[in-house]
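Heads up: the structure comes next, in structure tokens.
The values are calculated or read from the model by the stated rules, or taken from the named source; none is laboratory data. Since this is a predicted model, take the numbers as computed values, not measurements. When we count neighbours, we look across all protein chains shown, and the Cβ atoms used for this are built from the backbone with ideal geometry, even at glycine. When the accessible area is computed, the model is the full protein with side chains, heavy atoms only, and any ligands, DNA or RNA have been set aside. Shrake-Rupley method; radii C 1.70, N 1.55, O 1.52, S 1.80 Å.
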Amino acid sequence: QLSLYNLKKNIAIRACAGAGKTYTLTWRYMAILDEFAKLSENLKEKEWLGPANILTITFTKKATAELNNRILTTLNSILNGQKIDPPIKLNYLLNADKNYLEWLKFQLLNPNIMTIDAFCTSILKDNPSSSGVDSGMKMMDDYESKVFFNDCFHSFFNDLSKSEIKFLVIKFGVENVQNIFINAIIEQIHVQNVMDNYNYDEKEILENWLINYQKNVNYLPFVKSLFDCTE
């Protein structure tokens, strides 16, 4: 649909896996670059518009890598005159000044394609005085976080007495102690509060649910819809 590439509109695309969302986003990116090529025609090099002016947010690092690769591959195919079937016309990008195109390729070595947490981290690091966050701080990757949490658990576990260890194993199960501890760190819950949650009997669990959720639930529309459906 051509409306997907109309840059004067804000759009939301919802589709199942494999429906072509990455393809659409890649070509919307190309549409923006084409518009930038048009706007940069009469500008000095320091004022040229390119990937640094486009922010692309993804949910996972895998999606970031995939989208980055797709955009680079597509743009190289366009600039090298390879046969592709573009969903839009790229009049300005194809006819742009050679110097601009070389500059564009160089800019794509570091595109603004990142995960949500990486984007938020960059804002905090760029404003250390306002955020109170050290500009040298970095996000742990999956391996680093796993090592960190394991070290925290072993430090905690080694300080326990035999009776405390026995108590935790009986309370949570020998295979669950470490996972429960790590989840407590991630959720920033004190271990004592975690243990308190495991002390509830069935009646207390039901009462807590009624207090926390029941009062906010209006079942009447649901019951009516269900009745209408059976009719």
**Fill in**
Residues whose modelled amide H sits under 5 Å from the amide H of Thr115, counting only those 5 or more places away in sequence or on another chain, are Thr58
**Prompt:** Stretched out fully, how many nm does the piece from Lys9 to Val147 gain, at 0.36 nm a residue minus the Cα gap?
**Reply:** 45.2 nm
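Which entries in the list Lys8/Lys83; Lys8/Lys38; Lys21/Lys62 go over 18 Å, if you measure between the two C-alpha atoms of each?
Lys8/Lys83
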**Request:** Straight distance only, please: which aspartates and glutamates reach the Cα of Lys138 with their own Cα at less than 19 Å, same-chain residues fewer than 8 apart left out?
**Result:** Asp117, Asp126, Asp151
**Message:** At 0.36 nm per residue, and after removing the present C-alpha to C-alpha distance, how many nm does the segment from Leu160 to Gln188 gain when stretched out fully?
**Reply:** 8.1 nm
**Prompt:** Which of Leu90, Ala63, Asn6 sits farthest toward the positive end of the charge dipole of the chain, with +1 on the Cβ of Lys and Arg and -1 on the Cβ of Asp and Glu?
**Reply:** Leu90
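Using a cut-off of 15 Å between beta-carbons, work out the net charge of the residues near Ile182 (Lys and Arg +1, Asp and Glu -1, Ile182 not included).
-4
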**Difference of contour (0.36 nm per residue) and Cα-Cα distance, Leu210 to Lys125** = 26.3 nm
**Request:** Over the chain, give the accessible area per residue in Å² for a 1.4 Å probe, as an integer.
**Result:** 75 Å²
**Prompt:** When the accessible area of the chain is computed with all protein chains present and a 1.4 Å probe, what percentage of it is carbon and sulfur?
**Reply:** 54 percent
**Item:** Alpha-carbon Rg with Dmax, taken over the chain, Å
**Value:** 26.9, 77
**Prompt:** Where the only charges are on Cβ atoms (+1 Lys, Arg; -1 Asp, Glu), what is the dipole of the chain about its Cα centre, to the nearest 20 debye?
**Reply:** 980 debye
**Fill in**
Within the chain, excluding any trypsin sites (Lys or Arg not before Pro) found in a DSSP loop (not H, G, I, E or B) and having at most 13 other Cβ atoms within 10 Å, the longest uninterrupted segment runs 139-231
